[in-house]
């Protein structure tokens with residue numbers, strides 16, 4: 001299965017620092033991993049054994065603490081996953097849970113080491129593509145989507161916010177949702193007393209999309225718009241309430257770069273305020 005990918009990250013309109021961090025293979029045509037703070041590299045045998053790792057971390061905390069937490073989460077995730085010290089990656093979901101807990105404990109220790117780091121934390125959503133299967137692990141309110149051209153968009157991860165939890169449990173109505181917006185996170189790396197890592201796996205078919213994004217995108221852009229861009233659907237016009245319903249025609253020429261740039265532009269037009277990070281992955 002051939003795979004292509006692209007990532008884009010932009011700071012919020014009034015944010016001095018982008019606290020999002022990401023991990024994305026540069027086109028998947030080579031062995032270079034790109035993230036906001038630099039490059040990683042891998043050997044071909046490591047890629048064959050462990051597959052391709054993608055991730056988004058959305059930091060939180062005062063001053064530079066959020067940026068520190070998200071940067072460390074991405075770097076630790078990469079180091080822990082590709083280190084090989086854990087043995088063969090046969091139990092992928094168990095391995096991901098173990099790594100998330102290690103990342104959680106290490107960043108928690110750092111947060112206790114300096115006063116300015118106290119209370120820092122981050123979301124962390126990771127996706128691995130290996131031998132036609134998508135494996136994922138998740139903490140927080142960034143999202144992982146799977147888009148099949150013949151099906152409706154699927155949000156694979158749950159939002160770990162109090163409001164989303166209330167909706168799932170039937171405890172909140174529409175008035176509560178409008179008043180509370182998203183609510184606080186009840187799960188975050190380096191913050192939660194106990195971490196309950198959400199994991200899962202899905203088989204992938206040719207011409208499907210996998211999309212990771214921070215909440216800065218989904219706060220302002222409806223998932224139907226995300227679906228439309230991935231399917232190559234043209235948006236005829238933008239109404240005061242958002243984009244109009246797209247037609248059903250699709251274009252095979254849609255690329256991950258076009259999806260990321262189109263969604264970032266849509267977020268700008270919808271008045272985004274938060275940092276936005278998008279990773280688009282296309283199978284062929």
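Per-structure values
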read-out: Filter result (under 21 Å from residue 210 (Cβ atoms) and part of a loop (DSSP other than H, G, I, E, B)) within the range 154-173; value: 156, 157, 158, 159, 160
read-out: Test set (1) at pLDDT below 90; (2) over 18 Å from the mean Cα position of the chain (by Cα); (3) surrounded by 19 or more Cβ atoms within 10 Å (Cβ to Cβ); (4) under 20 Å from residue 134 (Cα atoms) - residue 31 fails condition number; value: (3)
read-out: Qualifying residue in the range 5-26 (condition: at positive phi and either at pLDDT below 90 or out of contact with any strand residue (DSSP E or B) (no Cβ under 6 Å at 6 or more places or on another chain) (or both)); value: no
read-out: Yes/no for residue 191 being surrounded by 14 or more Cβ atoms within 10 Å (Cβ to Cβ) and modelled with pLDDT of 95 or more; value: no
read-out: Pairs with Cβ under 6 Å, 6+ apart, first in the range 6-21 and more than 18 Å from residue 220 (Cα to Cα), second surrounded by fewer than 19 Cβ atoms within 10 Å (Cβ to Cβ) and at pLDDT below 90; value: 21/36
read-out: Any hit, the range 104-122, residues being closer than 30 Å to residue 3 by Cα, surrounded by fewer than 23 Cβ atoms within 10 Å (Cβ to Cβ), over 16 Å from the mean Cα position of the chain (by Cα) and at pLDDT 95 or above; value: no
read-out: Count - residues of the range 193-212 that are within 19 Å of the chain's Cα centre (by Cα) and not in a strand (DSSP E or B); value: 5
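Every residue, every condition in (1) assigned to a loop (DSSP other than H, G, I, E, B); (2) at pLDDT below 90; (3) surrounded by 18 or more Cβ atoms within 10 Å (Cβ to Cβ), yes or no:
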site	(1), (2), (3)
216	no, no, yes
224	no, no, no
249	yes, yes, no
253	yes, yes, no
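The values are calculated or read from the model by the stated rules, or taken from the named source; none is laboratory data. Owing to the predicted nature of the structure, the values given are computational and were not obtained by experimental measurement. Cβ: placed from backbone, ideal geometry, glycine included. Neighbour counts: every protein chain shown.
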